[in-house]
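Trainee: Attaching a single structure in structure tokens format; questions to follow.
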Amino acid sequence: CGDMLELVSSDYYAGDRVKKEGKHCTKGMGRIVPDPKGYVTLKNGTIVPCGKGKEMNDTTKYLGYNEYIVYDVNQISQKYLLK
């Protein structure tokens, strides 16, 4: 999404901070992340994180999982929906 505001815990005012700091979106960094062993590379070079989540031993992160929050829908183009 471009220049990200990276957070390790929830922040009710993240949207306001993104605007104030000139960022494009918020990346919430969680304790459980995709295991790189399960990544799939598509023909066009896009890397898709697949497989089970992997618990990181990081006590500084309070979110359960990684998440990306984009506030302007004109910045996104959904290409894949995985089940």
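Trainee: Of everything in the range 20-46 that's under 14 Å from the mean Cα position of the chain (by Cα) and of a type in the set (Val, Ile, Thr), which residue is modelled with the highest pLDDT?
Mentor: For the range 20-46, the residue satisfying everything is 26.
Trainee: In addition: Where in the range 24-73 are there strands (runs of 3 or more DSSP E), lying wholly inside it, with at least 1 residues that are at positive phi?
Mentor: Numbers: elements: 25-28, 30-34, 53-55, 63-65, 67-70.
Passing ranges: none, list empty.
Trainee: Shifting gears a bit: Run residue 25 past the list (1) surrounded by 11 or more Cβ atoms within 10 Å (Cβ to Cβ); (2) within 17 Å of residue 1 (Cβ to Cβ); (3) without any contact (Cβ under 8 Å) to a residue 12 or more places away in the chain; (4) hydrophobic (A, V, I, L, M, F, W, C) and report the number of the one that doesn't hold.
Mentor: Every listed condition holds for residue 25 apart from (3).
Trainee: Sticking with this one: Can you tell me which residues in the range 62-81 are under 17 Å from residue 49 (Cβ atoms) and without any contact (Cβ under 8 Å) to a residue 60 or more places away in the chain? I'd like the intermediate steps shown before the answer.
Mentor: Applying the first criterion (under 17 Å from residue 49 (Cβ atoms)) to the range 62-81 yields 63-68, 78-81.
The answer is 63, 64, 65, 66, 67, 78, 79, 80, 81.
The values are calculated or read from the model by the stated rules, or taken from the named source; none is laboratory data. All values derive from a computational prediction rather than experimental measurement. Quick reminder, even Gly has a Cβ in these numbers, built from the backbone with ideal geometry, and neighbours come from all protein chains shown.
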